[in-house]
Amino acid sequence: MRYKIRKMTLIVLLSTALSNPDAVYASASDRAQSNETTVPIVNIGKKDVIKSIEFENNRAYKDKTLLKKLDFEVDDYIDPILAESGRNIISEFYRSKGFPHVEVMLDRKKLSEGKIIYTIVEGPRLKIKSIRFTGNKAIKTGDLRNTIKTKTRSWILWPVYYTEEKIKADVEKLRTLYFNRGFLNHRIVAQGQSHITFIIEEGPLYKIRNITFTGNTIFETEALRAELTLESGQIYYQQKAQAHTKRILKLYREDGYVDAEVWQQHRWIPETNLVDVEFKITEGRQFRIGKVEITGNEQVHDKVIRRILDEYDFSPGELYNAHIAPRQGGGQLERYVQTMTMSEEAIIRPAQPTARAPERRDAIVDIKEGMTGIVNPGIAMGSDSGVIGQLIWQQRNFDVQDWPENFEEFITMRSFTGAGQSLRVALEPGTVVSYYSVTFTEPYFQDKPTSLDVVGSSWERWRESHNEKKKKGYVGFEKRLKNRWRPSFGFRVENVEVFDLDFDAPQEIV
């Protein structure tokens, strides 16, 4: 309330000053003739506030639930427009819960008394009891049921209630399905509330007459046509045509055409069941990568990110591959950088070209770092393994050269970070079984796309008749090739020791 009064005072004061400056401040000559201080006085008209918000005849939902849906509360200034919007909010809430015939009325006469009173006629809550499809011949009923979201039961037992929004959304899903199957001139309507029937008029299948390309000057039409599996005489599938649009766009963006765009559209041929398919192309200019600027990385080193980019040939002087790093984000390279650096988000965007280098565009790599280290203590108990303690220390952005300056840095995982390596130490001592292991991974051995894995572990178990101890070691390499093949080789050593044998130890280990 205090904030709103101060805000109103400021508005009235300013408006008074603009309309009549003398009403706020005395003139300079008047102030010179008088030693008295002039204080402006502004009268603010009294405005009614909401004294109460009431609901009548509501049975399905309590007042407390309905009050939370409103955009205002008691002691706010009363506003007839806001009160009317509250009526609509309550109506929509009921409809979303399966009350399609709800009516909410506002008592406008009580507004002058500061009271907002809603009278609710809820009507029946309609359960969806059956769903039918009629008129479908080309697409099976089972496929149609799998397409829509509305069901007669949720989690087998719970009923589903009718809402107009859900049914409209299902009609759109069915239309998309038919459109993608080549039925471009279909008609679908839904009837009923408890018993819903989707009435379908499929219409004819449409086939492709001609395929044309416009706007292409860099790639010949035949080269673009070679990227397609669409041919004249085939059934026109919208989804398939959109996939071909992405193929053509990939061809341009991989070749440095950062701003290239491709649209696909079809045109009906009058009085036939044929369509012409056109791919419209805006090529733009070809760019190479200028500088690569990395921002947002406080823990991970620039070198770690740059070698990831180098693996994808995304480095200064190379063609700007906007397929793996599109300007709108969400590309394959961004996801790979995010995964390899354990970041919350990685965005790669092209800067605008400069007058000095109009054929180049700098790449800005923005990293939002995440938590890369964990310390996980624990304890477990089992009838066969006894009591086992657990302490796991793991850093997925490990750097052996980044030693902590104090104990707090070590505990808060702000040390041993930056080089993009991974180190996991597991200590699990127990009364019957104990296990210890160290795992180290260098994803870029000698700064090449080759990973080095080193694993060492020790396992020991105390039995009634004997004790066992196993020690293992592993060193492996994996090369990541451009064609996604990953040849690997490794060396493994293992030592098994059985000791403290009793006279009743099993014969196979004696």
Inset, instruction - For residues that are among the hydrophobic types (A, V, I, L, M, F, W, C) and surrounded by fewer than 18 Cβ atoms within 10 Å (Cβ to Cβ), scanning just segment 229-250, find the one that is farthest from residue 350 (Cα to Cα). - result: 235
Inset, instruction - Tell me which residues, restricted to segment 335-385, are basic (Lys, Arg) and not in a strand (DSSP E or B). - result: 335, 356
Inset, instruction - Scan segment 247-293 for residues that are among the polar types (S, T, N, Q) and assigned to a strand (DSSP E or B) and jot them down. - result: 264, 265, 282, 286
Legend entry - Filter result for the condition that a residue is crowded, with 17+ Cβ neighbours inside 10 Å and not assigned by TED's automatic domain parsing to the domain that holds residue 419, over 294, 364, 388: 294
Inset, instruction - Report yes if residue 508 is part of a strand (DSSP E or B), at pLDDT below 90 and exposed (fewer than 14 other Cβ atoms within 10 Å of the Cβ), otherwise no. - result: no
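Okay, residues lined up against (1) touching a residue at least 12 places away in the same chain (Cβ under 8 Å); (2) farther than 15 Å from residue 50 by Cβ:
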{"residue": "86", "(1), (2)": "yes, no"}
{"residue": "92", "(1), (2)": "no, yes"}
{"residue": "99", "(1), (2)": "yes, yes"}
{"residue": "103", "(1), (2)": "yes, yes"}
{"residue": "113", "(1), (2)": "yes, no"}
{"residue": "116", "(1), (2)": "yes, no"}
{"residue": "123", "(1), (2)": "yes, yes"}
Inset, instruction - Check whether at least one residue in segment 322-333 is at pLDDT 95 or above, within 24 Å of residue 482 (Cβ to Cβ) and polar (S, T, N, Q), and report yes or no. - result: no
Inset, instruction - Answer yes if at least one residue in segment 147-165 is over 29 Å from the mean Cα position of the chain (by Cα), of a type in the set (Val, Ile, Thr) and farther than 22 Å from residue 242 by Cα, and no otherwise. - result: yes
Legend entry - Checking residue 185 against (1) outside the structural domain of residue 81 (by TED's automatic domain parsing); (2) of a type in the set (S, T, N, Q); (3) surrounded by fewer than 15 Cβ atoms within 10 Å (Cβ to Cβ); (4) over 30 Å from residue 268 (Cβ atoms), the condition it does not meet: (4)
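Here is a yes/no grid of residues against (1) out of contact with any strand residue (DSSP E or B) (no Cβ under 6 Å at 6 or more places or on another chain); (2) of a type in the set (Lys, Arg); (3) outside any helix (DSSP H, G or I); (4) modelled with pLDDT of 95 or more:
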{"residue": "54", "(1), (2), (3), (4)": "no, no, yes, yes"}
{"residue": "72", "(1), (2), (3), (4)": "yes, no, yes, no"}
{"residue": "109", "(1), (2), (3), (4)": "yes, yes, no, no"}
{"residue": "120", "(1), (2), (3), (4)": "no, no, yes, yes"}
Legend entry - Only one of 46, 127 that is loosely packed, with under 14 Cβ neighbours inside 10 Å, modelled with pLDDT under 95 and not polar (S, T, N, Q): 46
Legend entry - Hits in segment 160-175 - residues which are surrounded by 13 or more Cβ atoms within 10 Å (Cβ to Cβ) and either more than 21 Å from residue 99 (Cα to Cα) or free of Cβ contacts under 8 Å to residues at least 40 places away in the same chain (or both): 160, 166, 167, 169, 170, 171, 173, 174, 175
Inset, instruction - May I ask you to list the residues in segment 219-247 that are of a type in the set (Val, Ile, Thr) and under 25 Å from residue 290 (Cα atoms)? - result: none
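The values are calculated or read from the model by the stated rules, or taken from the named source; none is laboratory data. Keep in mind that this is a model prediction, so the values were computed, not measured. With ideal geometry, Cβ positions are generated from the backbone for all residues, glycine too; neighbour counts draw on all protein chains shown.
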